[in-house]
1. Being farther than 28 Å from residue 23 by Cβ and surrounded by 19 or more Cβ atoms within 10 Å (Cβ to Cβ) is the filter here; which residues of segment 204-236 pass it?
2. Pick from 162, 155, 91, 146: which is touching a Ser or Thr at 6+ places or on another chain (Cβ under 8 Å), surrounded by 21 or more Cβ atoms within 10 Å (Cβ to Cβ) and more than 22 Å from residue 26 (Cβ to Cβ)?
3. Can we say residue 78 is surrounded by 16 or more Cβ atoms within 10 Å (Cβ to Cβ) and either under 30 Å from residue 158 (Cα atoms) or in contact with a strand residue (DSSP E or B) (Cβ under 7 Å, 6 or more places away or on another chain) (or both)?
4. Could you list all residues from segment 237-254 that are of a type in the set (Ser, Thr, Tyr) and either in a strand (DSSP E or B) or open to solvent by less than 20 Å² (accessible area, probe 1.4 Å) (or both)?
5. Hey, any hits in segment 43-57 for a residue that's crowded, with 22+ Cβ neighbours inside 10 Å and part of a strand (DSSP E or B)?
6. So residue 105 clears everything in (1) of a type outside the set (A, V, I, L, M, F, W, C); (2) open to solvent by less than 30 Å² (accessible area, probe 1.4 Å); (3) over 16 Å from the mean Cα position of the chain (by Cα) except one condition, right? Which one?
7. Free of Cβ contacts under 8 Å to residues at least 12 places away in the same chain and not polar (S, T, N, Q): does that describe residue 79?
Amino acid sequence: MGRLDGKVAVITGGNSGIGACAAELFAKEGAKVVISARRAEQLEAVADKIKAAGGEALAVPCDISDKEQCRAVIEKAVAAYGSIDILINNAGVVDNGIEAIEKVTDKTIDTLIDINTKGTLYITREAAKIMVEKKSGSIVNVSSVAGYTGGGGVAYVASKAAVIGMTKNIAMRCASVNVRCNALCPGSVVTPMTMGMKKEELDPDMMGAMAKHADLSLPVCMPQEVANAILFLAGDESSAITGQVIVIDHGADL
């Protein structure tokens, strides 16, 4: 307990799954938590749960594909708590059809790039302005093993590989001002979003190609396992680590 005492953490996608789990964990460790997501009712429920347990939480509804809404999240976090120490970029969407390159639709491309890639850039830009000025901060980007290995729908892979690239770029630029940036790449994780995918809608050609390059007999990840890794990278225990990409998948993609 107390690993994040005095820290202010902004967590996107904080209404369920990994984001909600991380928000509750951060609050238990002493952080003041600002959570954002599109679904306001679910978001408030997570904030209420944190408060009921004695933590501090602020829920700010946000569609991260909208740059003005991203700016508002950071402004409200600063207004409420004075600054920002940690940014967890967890908000994202999956490609429900796992569409291969010759089948991917414009709608899938636009949706995944707008949310997963541009949204991450938008909110990180606003948080980085504060962190660079005060010369302190930790950014953790939740990418995906798909962005690391290429196993997934092409638009999803592209959107998450871009997050890995921006992680390295931000770490390089900010190392001299004590602002760290790392990426986590979970494999399959048991969350409401992933469990909502329907097998009959998945592209069999892409699924067949992926099956040749992963050990599907190994366990899938639970949100708590990913949240634990996020906590480590966000806190001072990892103070010498920046620009790194860590896969969390029980070894399925080795």
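1. Residues satisfying the conditions are 206, 210.
2. 155
3. Judged against the criteria, residue 78 is not a match.
4. 238
5. Checking segment 43-57: at least one residue is crowded, with 22+ Cβ neighbours inside 10 Å and part of a strand (DSSP E or B).
6. (2)
7. In short, yes.
Residues are listed down the side, and each one gets a yes or a no for (1) without any contact (Cβ under 8 Å) to a residue 40 or more places away in the chain; (2) among the small types (Gly, Ala, Ser); (3) in contact with a strand residue (DSSP E or B) (Cβ under 9 Å, 6 or more places away or on another chain):
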site: 84; (1), (2), (3): no, no, yes
site: 121; (1), (2), (3): no, no, no
site: 130; (1), (2), (3): no, no, yes
site: 141; (1), (2), (3): no, no, yes
site: 144; (1), (2), (3): no, yes, yes
site: 169; (1), (2), (3): yes, no, yes
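The values are calculated or read from the model by the stated rules, or taken from the named source; none is laboratory data. Fair warning: this is a prediction, and the values are worked out from it, not measured in the lab. Here the Cβ is made from the backbone with ideal geometry for all residues, glycine too, and neighbour counts use every protein chain on show. Accessible surface areas use protein heavy atoms only, side chains included; no ligands, DNA or RNA. Shrake-Rupley method; radii C 1.70, N 1.55, O 1.52, S 1.80 Å.
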